[in-house]
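Colleague: Have a look at the structure that comes next, please.
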């Protein structure tokens, strides 16, 4: 039996709480019904052991016995191999789930993360902001058409939806989906799943407990 | 026998030539010695058939009989399943190749693509530029340490190196690697491979031929 451990920070400031990427991994594990525990690594002092597991000093990473995986997208692909609830076994559906996972990580987050940083930084003017905001509108316009044709990106719920809904809920937080009702409904549908609610609420509770301990 | 087709634009303007992402797929196919052909789709008029294969209206996509895959990262993963020259079969090395591929697509390109757009747009001032440029320096500082310890990201050459070297050569084009000699040497090592040279030079020749035909 696999023994999965998800490693995240021991504490983070208020703004990213509920959005730190360990949510993606815990969400997937909850969907698949795979047992796991959460361990923490210091947010403030990131030592050699942290960089040995995650060379950019980020979180999360996932361990499964001797195997250690970093990058939330790679962790999701790894878990996909462990459960058909996360990644379909049929070739065509599997290709769809993988291409949409990668579309989330590359075509979407390449835009949504810089866009969110503009929002967090309260920097919404100038050429770079206009370019990023326009780019997001283009991407969402295309995505809206796709999502209008299906409940989930690869037909049935998969790691592609965990990734896509998670990155879109950060856009939604800054009201970036207001002109995209189909996409907004998709995010609402995904985030109503008990597995996400549990993963997110437990993350928020964990960081709050760390405040109290400090 | 698989019949791979790589689809790219019929023409692009001068600046991106040699860097359009079909290079990644052709590079991988050349490394693996898998037969393929290149087909084109209009750059100027992107119709319903284009969006049916690539919902964001980008290129490339890859077909293998009835299977059609979009996102260069997903195409590389798909081809990785076809050849151990692209993706090792040993579990630990395989996890490393996949996590580094995803690190390229997400942790690196999320920074390098906006950074390159600032460069292409000649927009190198203001808060967004400073933030992006500083973010790139941080990422490259971490990557430099990793690359100093190994020739290739997963031990032997893999799809992770195709992705990482391809995104870094765009940074190198704007001299963004000048303070990172180990990373610069890695890019030189990867781009000296005959498979990349053939894929890149054929792309440049194809777009030049389209100029002449216009």
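Colleague: Just one of (1) more than 14 Å from the chain's Cα centre (by Cα); (2) assigned by TED's automatic domain parsing to the domain that holds residue B:27 trips up residue B:200, so point out which.
Modeller: Condition (1) is where residue B:200 drops out.
Colleague: Could you grab me the full set of residues in segment A:12-52 that are closer than 30 Å to residue A:118 by Cβ and within 14 Å of chain B (Cβ to nearest Cβ)? Walk me through how you get there before you give the answer.
Modeller: Narrowing segment A:12-52 to residues closer than 30 Å to residue A:118 by Cβ: A:12-28, A:40-46, A:50-51.
Within segment A:12-52, A:21, A:24, A:25, A:46, A:50, A:51 qualify.
Colleague: Name the single residue, out of those in segment B:142-154 being surrounded by fewer than 15 Cβ atoms within 10 Å (Cβ to Cβ) and farther than 15 Å from residue B:188 by Cα, that is nearest to the other protein chains (Cβ to nearest Cβ). Before you say what the answer is, go through the steps one by one.
Modeller: Of all residues in segment B:142-154, those surrounded by fewer than 15 Cβ atoms within 10 Å (Cβ to Cβ) come to B:145, B:148-151.
Remaining after also requiring farther than 15 Å from residue B:188 by Cα: B:145, B:149.
On the way: B:145: 7, B:149: 10 Å.
So, considering only residues that are surrounded by fewer than 15 Cβ atoms within 10 Å (Cβ to Cβ) and farther than 15 Å from residue B:188 by Cα, the one nearest to the other protein chains (Cβ to nearest Cβ) is B:145.
Colleague: Being exposed (fewer than 15 other Cβ atoms within 10 Å of the Cβ) and over 22 Å from residue B:151 (Cα atoms) is the requirement here; does residue B:208 meet it? Quick ask: steps written out before the conclusion?
Modeller: Working: exposed (fewer than 15 other Cβ atoms within 10 Å of the Cβ): yes; over 22 Å from residue B:151 (Cα atoms): yes.
In short, yes.
Colleague: From the list A:129, A:100, pick out the single residue that is at the interface with chain B (Cβ under 9 Å from one of its Cβ atoms) and in contact with a strand residue (DSSP E or B) (Cβ under 7 Å, 6 or more places away or on another chain).
Modeller: Details: A:129 fails: in contact with a strand residue (DSSP E or B) (Cβ under 7 Å, 6 or more places away or on another chain).
Checking each option against the conditions leaves just A:100.
Colleague: What residue, of A:60, A:55, is crowded, with 23+ Cβ neighbours inside 10 Å, touching a strand residue (DSSP E or B) at 6+ places or on another chain (Cβ under 8 Å), without any contact (Cβ under 8 Å) to a residue 60 or more places away in the chain and within 14 Å of chain B (Cβ to nearest Cβ)?
Modeller: Numbers: A:55 fails: crowded, with 23+ Cβ neighbours inside 10 Å.
Step by step, each of A:60, A:55 is checked, and only A:60 is crowded, with 23+ Cβ neighbours inside 10 Å, touching a strand residue (DSSP E or B) at 6+ places or on another chain (Cβ under 8 Å), without any contact (Cβ under 8 Å) to a residue 60 or more places away in the chain and within 14 Å of chain B (Cβ to nearest Cβ).
Colleague: Could you please tell me which pairs satisfy a Cβ distance under 7 Å, a separation of 6+ or placement on different chains, a first residue in segment B:66-86 that is more than 8 Å from every other protein chain (Cβ to nearest Cβ), and a second residue that is at pLDDT below 95?
Modeller: Taking only residues 6 or more apart or on different chains, the pairs are B:82/B:2.
The values are calculated or read from the model by the stated rules, or taken from the named source; none is laboratory data. The structure presented is a predicted model; accordingly, all values stated were derived computationally and were not measured. Note that we place each Cβ from the backbone using ideal geometry, even for glycine, and neighbour counts take in every protein chain shown.
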